[in-house]
Structures are given as structure tokens and as C-alpha cells.
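Okay, so here's the structure we're looking at.
Each reported figure results from applying straightforward, stated rules to the coordinates on display, with no laboratory input. Remember, predicted model here, so these are calculated numbers, not experimental data. Here the Cβ positions follow ideal geometry from the backbone for every residue, glycine too, while neighbour counts run over all protein chains shown.
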Amino acid sequence: MTEKTATDQPAFSWLASWRVYLQPASLRMLLLGFAAGLPLLLVLGTLSFRLREAGIDRSTIGYLSWVGLAYGFKWVWAPLVDRMPIPFLTHRLGRRRSWLLLAQTMVILGLVGMALSDPSQTLGPVVWCALLVAVGSATQDIALDAFRIESAEPAQQAALAASYQTGYRLAMIWAGAGVLWVAAWVQGENATGYLHAAWQTAYLVMAASMLVGVITVWMSREPSPTELPPARNMKAWLQGALIDPFADFIKRYKWQAALILSLIAVYRISDVVMGIMANPFYVDMGYTKAEVATVTKVYGVLMTLLGAFVGGVMALRWGVMRILMLGAILSALSNLLFGWLAGHGHDVRALIAVVSADNLASGIASAAFIAYLSSLTNIKYSATQYALLSSMMLLLPKFIAGFSGDFVNAHGYADFFNATALLGMPVLILVALAWRFQPSDKD
């Protein structure tokens, strides 16, 4: 059986433990976490709000959500980021910093292109620039994970992860609420409808915000490089980078691997499919940029963090599988609340209640799911296997989400939200089976 054993760590006082967050490594990771979290909503959630306000059809918005599949396939080029040098840059900056700088440059160029392109006139440039942002963002995630792991001793990894997550969530507030606030400020409080100049300014501000990450990379030291086993040829390299982690997973879990992979593939399907139409729904329901920014992008993120904290505590108290089941149930039920809101009409207090319940449920489900994924990996292949498993959870939901606009056009928002809740029913069955047939030995 492959077990993860924690090494004994020296005892620190509470004051000394908290001071770790003021160390340079933690502060760097806070800023780099901000750079990692910034692009995600700008090519998914916020972009769908902008496109709907510009008069883009819901079906088209649904199909454009496939840009997010770049995050689901990042494991394909992860071995290149891990091993391939970049001409000129790697010699001067090192392996990790050179890839981080290249990825951040891609994100900035893509955001500037999205700012200068007007989707109400032509959609093509916006799509290609959004794809550039998504690929650059996914590449940054790959390089940043390696940078974090190599930047500190194991005893400091928890603090670096916490700093990274804090920066990431702050960036999501800025990219979700901040971009709407900037656009609303440029447009004026009483202005309604689409104004390209407002969104242009907002996206240029977001592009400038990525300089936080660029400056941090320039001011950071390259971590000590991890020694990689030499590959005799391309076949041997692919064997060690991609095939062996998969083979190890199948060998350890045998027939249960199919059950586990099925559960991973669909666990977040209710949330992901519903989420693509959330922002078009807010636009069509008459909510203003300021209302959406405050309720869904600030308050909602805070409720997600609360849910993650609660979910983590409950998982420690009652076990991961129980909370995995609870998260699946709550995620499906919270989508029914959006179905109710669709018939209720424009009501900010009702929106607050629905978003609170939905994000709390999402946070609980995410905490349990991350713990479950982590428990499945072999420490020998932990980085690669976790990347593969976490990417797999997006592929099927993102593909199905691409057709969400067609469904809304044909049946309306209320039926769509209720249907996404029904998508969660097979998840409950798979969780129950995975719970029932938990392997006692991974060898």
C-alpha cells in the first residue's frame, strides 16, 4: 500500500507560526497567486456578462465557454514546461522564471487584445485573444506550481499554499467585481446597456494588473532546480512523463479505477454547466454591473471561502466521503434556487440569498473534492497525477456547458437551472458506489 507519511516537524510557537506569512517566500507567493487568479474570470465568467450585454446570442456564449477547455488540457504540455528551455530567457532567468514570464506576457497581450476588440462589431478577435489568455494562464499555473514546490522546504509548503490561495481569491474578486466596477464607473451610474469604451478601459486595467506578477518574477530568485532523470529518447521521456503516472493509478486501483475516474469526470457537472449561463441570466434579469459585482463577485467569493473552511473542518470531523456526498447534494439543490429566482424576477435580496446558498455549497463540495483527489495520488507521481485528475474534472462538464445557450434559448432559464440540478443525480450514485467500494489496499 502506498502511504503518505508526514515527517516530524519542529514545534513552533503560535506567534512564530503566523510570522511565516511575512517571510519573503510567502509574500512572493501571495503576489504570484494574484497573477494566477486574475485571468480565469476574464475569459469565462466576466466575459460572458460582457458578451451578453453586447447582444451576443446565448448559444454563441455557450460555445465560447469551450475556451476554458485549455485549463482541462494543460497536462498535455505540462512536461514541456517542466523540461524544455526557452531560448535566451531560460539562460538569463532560469527554468521556472522564464516560463512564468512568457506565460504572463501571453496573458497581458491577450487581455489587451480583448480590450481593443469590440464583440458587438466582430467576435473573432475577442475569441482568439481569449484563447491566448486561457493558454497563457494555464501555462502560468503549471510553472507556478513547480516554482512554489521548489521555493521552500516541506515545512513551509502549507504556508506558501495558503498565501497562494489568498492571492488567487483576491484576484478573483478584482477580476470579477473590479472589472464590473471600472466599467460601470466609466459608463456612469445611470447609464445602462453596452458601451465598448467602458469595457475597453476595464480590460486594460486588468492587463495592467498583471504587472504585479511580472514584477514579482523579475524580483524573485530562481529556485534550486530539481534534478530530472535523463531521458534516453523521446519515447522514454513520454513514458516517464505521461504513461507511468497513468499506469501506476490503474495498477493500484484496478477495476475501481473506472469508478473513480467516472466520479471525477462528473462530480462538478451541475456547477460548471450552470455557471456558464449565470452571467447572461443576470443581464437578462436586469441586474446592473454594480449589483452583480457586489453580490456575486465579492459576497459570493467570500461565501465560497467560508464554505471551503466549513467543508474542510467537516471532512476532518466526519470523513471525506460523507462530505463529498453532502457537497454533491447541496450543489444540485442550490441550482433549483436559481430556477426559483428566474420566476421571481429582479430582486437584489433574493439574489443575495440564492448566491449565498450556491457559493456556500460550492465551497463545501470543492473542499471535499480536493481532499478526495489528493488522497488518490501516489506520492511518487503526486504532481502529475493531481494535474491529470484535476484537469479531467473539467473536460466533460465544459463540453456539455457549450450547449447551455441552446438549451436556454429553447426552454428558458428556469427549466435550464432545474435540468442542471438533475445532472447531479448520477453523481450521487457514483459517490455512493465509490464510498461502498473504497479500496483498502492501493498496491
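Once phi is turned into θ = phi - 60°, what whole-Hz ³J(HN,Hα) does the Karplus curve with 6.51, -1.76 and 1.60 give for every residue of the stretch 335-351, x standing for Gly and Pro?
Computed from phi, the couplings for the stretch 335-351 are 5, 5, 5, 5, x, 5, 5, 4, x, 7, x, 5, 7, 5, 5, 5, 4 Hz.
Could you derive backbone 3J(HN,Hα) for the stretch 166-177 from the dihedral phi with the Karplus parameters 6.51, -1.76 and 1.60 (θ = phi - 60°), listing whole Hz in sequence and x where the residue is Gly or Pro?
Ordered by residue, 3J(HN,Hα) equals 4, x, 4, 5, 4, 5, 5, 5, 5, 6, x, 8 Hz.
Report P(r) for the stretch 56-133: all Cα-Cα distances, bin width 10 Å, range 0 to the bin holding the largest distance, values in whole percent.
17, 37, 29, 14, 3
What translational D, rounded to a whole number of µm²/s, comes out for the stretch 233-443 from Stokes-Einstein when the hydrodynamic radius is the Kirkwood one over Cα pairs, at 20 °C and 1.002 mPa s? Show your work: numbers first, answer last.
Numbers: Rh = 18.3 Å.
This corresponds to a translational diffusion coefficient of 117 µm²/s.
Going from the alpha-carbon gyration tensor of the stretch 22-228, what semi-axes, largest first and in whole Å, does one get by taking the root of 5 times each eigenvalue? Please list the in-between numbers first.
Numbers: eigenvalues 207, 66, 39 Å².
For the stretch 22-228, the semi-axes come out at 32, 18, 14 Å.
So for the pair Ala257, Arg322, with labels modelled 7 Å out along Cα→Cβ, what separation do we get in nm?
My value for the distance between the label points is 3.2 nm.
What do you get for chymotrypsin sites (Phe, Trp or Tyr not before Pro) in the stretch 59-94 restricted to DSSP loop and a cutoff of at most 12 other Cβ within 10 Å of the site's Cβ? Let's see the in-between values first.
Details: sites: Tyr63, Trp66, Tyr71, Phe73, Trp75, Trp77, Phe88; in loops: Phe73, Phe88.
Hits after loop and neighbour filter: Phe88.
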